[in-house]
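The values are calculated or read from the model by the stated rules, or taken from the named source; none is laboratory data. Remember, predicted model here, so these are calculated numbers, not experimental data. Note that we place each Cβ from the backbone using ideal geometry, even for glycine, and neighbour counts take in every protein chain shown. Calculation scope for accessible area: heavy atoms of the full protein, side chains included, ligands and nucleic acids excluded. Shrake-Rupley method; radii C 1.70, N 1.55, O 1.52, S 1.80 Å.
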Amino acid sequence: MVTRAHFFCLMALTFTLALAADHSPLQDFCVADPKSQGKLLVNGLACKDPTLVKANDFFFRGLHLEGNTSNPVGSKVAPVTVSQLPGLNTLGISLARIDFAPWGTNPPHTHPRATEILTVIEGTLEVGFVTSNPGNRHVTKVLQKGDVFVFPVGLVHYQRNVGYGNAVAIAALSSQNPGVITIANAVFGATPDIASDVLAKAFQVDKDVVADLKSKF
């Protein structure tokens with residue numbers, strides 16, 4: 001009886017893990033059909049008729065262009081996800097170019113649906129991620145041109161240009177739509193906003209400090 005119980009527990013666990021993984025494509029490709037958005041709700045995007053698919057559905061131009069880093073954080077992310085490249089639909093991969101002004105930062109953020117692997121193309125970057133509670137270990141490294149670093153799925157991470165010139169990196173992500181949650185924007189710029197007393201307790205600061213931070217987002 002114990003053996004049978006163990007068997008069913010193992011089967012239940014296996015089934016749960018199978019559901020947690022991305023499904024393998026059931027056809028050669030499933031180019032996203034923008035006309036279906038809002039009409040058909042699926043986990044991802046509906047497929048375009050394969051007979052209407054063209055080469056441009058698998059093509060994106062512009063990743064060579066320098067991003068405008070004239071903003072408060074001094075960085076610019078140019079994503080290439082399924083929104084920019086419909087042919088990525090169901091393929092479980094995307095990428096982004098990140099430009100940094102001198103001492104510019106890609107602020108702490110998470111990708112809820114993807115692991116990220118980052119390659120430095122130009123410049124010197126300080127990168128890091130923080131492990132989950134209760135450890136909250138800060139894992140950090142200074143990267144040079146050609147170096148590669150990986151950020152595990154869902155963990156808070158960041159990049160900062162610690163050089164005196166511009167820096168460029170290319171990030172590959174394990175989802176067609178990795179999502180991004182920038183911590184400061186999410187906490188202080190939520191709509192509707194998070195109650196100031198909640199944030200004051202969470203960050204152990206005065207409500208006036210919270211109000212000032214909210215005004216920036």
Among strands (runs of 3 or more DSSP E) entirely within the stretch 61-113, at least 3 residues that are touching a residue at least 24 places away in the same chain (Cβ under 8 Å), of a type in the set (S, T, N, Q) and closer than 22 Å to HIS157 by Cβ occur in 105-110
The number of residues in the stretch 42-62 that are under 22 Å from the mean Cα position of the chain (by Cα) and either under 12 Å from ASN106 (Cβ atoms) or open to solvent by 50 Å² or more (accessible area, probe 1.4 Å) (or both) is 6
Being more than 24 Å from PHE188 (Cα to Cα), surrounded by 15 or more Cβ atoms within 10 Å (Cβ to Cβ) and of a type outside the set (Gly, Ala, Ser) narrows LEU95, LEU155, LEU65 down to just LEU95
Flagged pairs (Cβ under 6 angstrom, 6 or more apart or on separate chains; first in the stretch 119-146, surrounded by fewer than 15 Cβ atoms within 10 Å (Cβ to Cβ); second hydroxyl-bearing (Ser, Thr, Tyr)) are ARG137/THR131; GLN144/THR124
